[in-house]
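Read through the structure below, which is laid out as structure tokens, and then see the notes.
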Amino acid sequence: MTEPGSAPVAAARAGSGVSADMPYVDPARVRYRQRKAWRDAAIGIISLIVTATVVTLIVVRTPGWSAVQETFFSPEAFSESFPGLLEAFWLNVRIFLIAEPLILIVGLTVALVRRLKSPIFLPLRILATVYVDVFRGVPTLLVILLLGFGVPALQLQGAPDEVLVWGVVALVLSYGAYVAEVFRAGIDSVHPSQRMAARSLGLSSWQTNRFVVLPQAVRNVTPPLLNDFISLQKDTALVSVLGPIEVLRQAQIDASFTFNYTPYVAAACLFIALTIPMTRFTDWLQERQRRQRGSGFAT
Amino acid sequence: MTTVSLSVEAVWKSFGSESVLRGIDLNVHEHQVVVLIGASGSGKSTLLKCINGLEPVDAGRILLDEGLDVTAFKTNLDAVRRRVGIVFQAYNLFPHMTVLDNITLGQRKVLGRSRQESEDRARRLLARFGLEEKAGEYPDRLSGGQQQRVAIVRAVAMSPEILLFDEITSALDPLLVGEVLDAVRELKEEGLTIVMATHEMGFAREAADRVCFLDGGVVLEEGTPEQVLVAPHEQRTREYLARFLG
């Protein structure tokens, strides 16, 4: 809100014909700010061009550059392997799309179970705690190998013998433990006075969680959750150890045929193409949240 | 005398080794405004939280309408809280909900009112407290005084029999205290039963039916505002009041 100004400002306003409700900025200061904005932009662009030129010249003149270019950035190898890689990458995307919702369900369930107060749930609480401790402590790759090769070897009746299924299960178990901890931190981040206010209205413990605590908890942990999603997108490549031809395995096959490592670089590009929009989306979401609710939570 | 809405009988409450309430007694009659005064730590807030069942007592009883025992082991506290509303010093509005949703949540989920019905009631109350334009805002966009008035509306919307105010102006800019106290006056006019912990002596003098001075976990002195605030008998009361005048 603008307060009525002091006498000189009011006089200047009257002279400039600006409405009294508008914020007033000295015209000289406006011109200075515009000039500074242009100058800053120009300096930034010139600095960028000079740096890029110098770095490019240095790299290109380095004696080994042509060998590097041929091995990692060969246009022929790239265009030859890319369609196959893209097709294989679709499998990574599917693994991700199936695993992610399951991870969210497992994570949220485990986090909620760990918060249950009633003594009758003690066994469940212990189970949830042990699960988180175990699966956060074991490397994801190890879990994938253990389930992917181990379970089909048991030849259990009714259990799927498709290694891919067990690869996805392993990812869900491994990431579910992480996500459970993220959710738990989110629940703890909601100030106890919020729970007290909800209970004082007569809301039950369950209603308090459902309508007051969890919505705030999930908002608070959206950025770290999306961070885990990005990590999961990359870790879909770990399933390649079980044999399914996803993008990393495909790149490996291509590279071993041609003795050229460009397919690996192409596969890397595919992962980046998927994770960068996700990262920007996370940033945007955080920024929007910050704007919507001012400085943050009032307690 | 009208019927007793609330009676506190010899209630004890301690936190760790610190005894906050030491056998306190208090009676509140219907349509009365009872103001609790006393130094920080004298047990005002703790007493209010015990009445609403937010803190379990260690000993003693708290009765509503000379019948329902808040402190009995088997009492459904959600049922108690439906009848006894509380407003906190720090507002405690739900930051992820609009003002309107803050006020309708309890009505819909606890009282089972329809969305239409609870929104109508919320808008009527908001209008009465000069907040009709804030229905769609998030709490963080409001001033402290506005947030506290929304918190009052949220409690009043539940149609409580008794309202508890826990130092509701203590977190406010002095300029904003007046608008919140006006809201309390409005509720007094309407005949609500109110128990209010406050440091606003002027307001206590003018609006209270009865003033209780809490000291050392008991009501040390009680009476009309004139009796307690103008001509107190107890030395401790005089010392406490002197700090406000000095």
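What to note about this one:
- Remark: pairs (first residue in segment A:62-74, of a type outside the set (Val, Ile, Thr); second residue surrounded by 14 or more Cβ atoms within 10 Å (Cβ to Cβ); Cβ separation under 7 Å; 6+ apart in sequence or on different chains) = A:PHE72/A:TYR261; A:PHE72/A:THR262; A:PHE72/A:VAL265; A:PHE73/A:THR262; A:PHE73/A:VAL265; A:SER74/A:ASN260; A:SER74/A:THR262.
- Residue match in segment B:137-159 (condition: outside any helix (DSSP H, G or I), aromatic (Phe, Trp, Tyr) and without any contact (Cβ under 8 Å) to a residue 12 or more places away in the chain): no
- B:GLY53 out of contact with any strand residue (DSSP E or B) (no Cβ under 7 Å at 6 or more places or on another chain), buried (at least 20 other Cβ atoms within 10 Å of the Cβ) and assigned to a loop (DSSP other than H, G, I, E, B): yes
- Remark: B:ASP182 falls outside the filter, which requires a residue to be within 14 Å of another protein chain (Cβ to nearest Cβ), part of a helix (DSSP H, G or I) and over 23 Å from B:ARG83 (Cβ atoms).
- Extreme residue, nearest to the other protein chains (Cβ to nearest Cβ), among residues of segment B:64-91 that are in a strand (DSSP E or B) and under 18 Å from the mean Cα position of the chain (by Cα): B:ILE86
- Condition check for A:ALA237: modelled with pLDDT of 95 or more, more than 7 Å from chain B (Cβ to nearest Cβ) and assigned to a helix (DSSP H, G or I): no
- Restricting A:GLY150, A:GLY167 to residues that are small (Gly, Ala, Ser) and either surrounded by fewer than 15 Cβ atoms within 10 Å (Cβ to Cβ) or at pLDDT 95 or above (or both) narrows the list to A:GLY150.
- Restricted to segment A:154-209, the set of helices (runs of 4 or more DSSP H) holding at least 1 residues that are farther than 30 Å from B:CYS50 by Cβ, away from every other protein chain (no Cβ under 12 Å) and in contact with a Lys or Arg (Cβ under 9 Å, 6 or more places away or on another chain) comprises A:163-189.
- On the stretch given as segment B:154-170, residues that are under 20 Å from B:ARG108 (Cα atoms) and either within 12 Å of chain A (Cβ to nearest Cβ) or among the polar types (S, T, N, Q) (or both) total 8.
- For the criterion of being free of Cβ contacts under 8 Å to residues at least 12 places away in the same chain, surrounded by 14 or more Cβ atoms within 10 Å (Cβ to Cβ) and under 30 Å from A:LEU225 (Cβ atoms), A:LEU97 fails.
- Scanning segment B:92-134 for residues being part of a loop (DSSP other than H, G, I, E, B) and of a type outside the set (D, E, K, R) gives a total of 14.
The values are calculated or read from the model by the stated rules, or taken from the named source; none is laboratory data. These figures come from a predicted structure and were not determined experimentally. Positions of Cβ are backbone-derived with ideal geometry, glycine not excepted, and every protein chain shown enters the neighbour counts.
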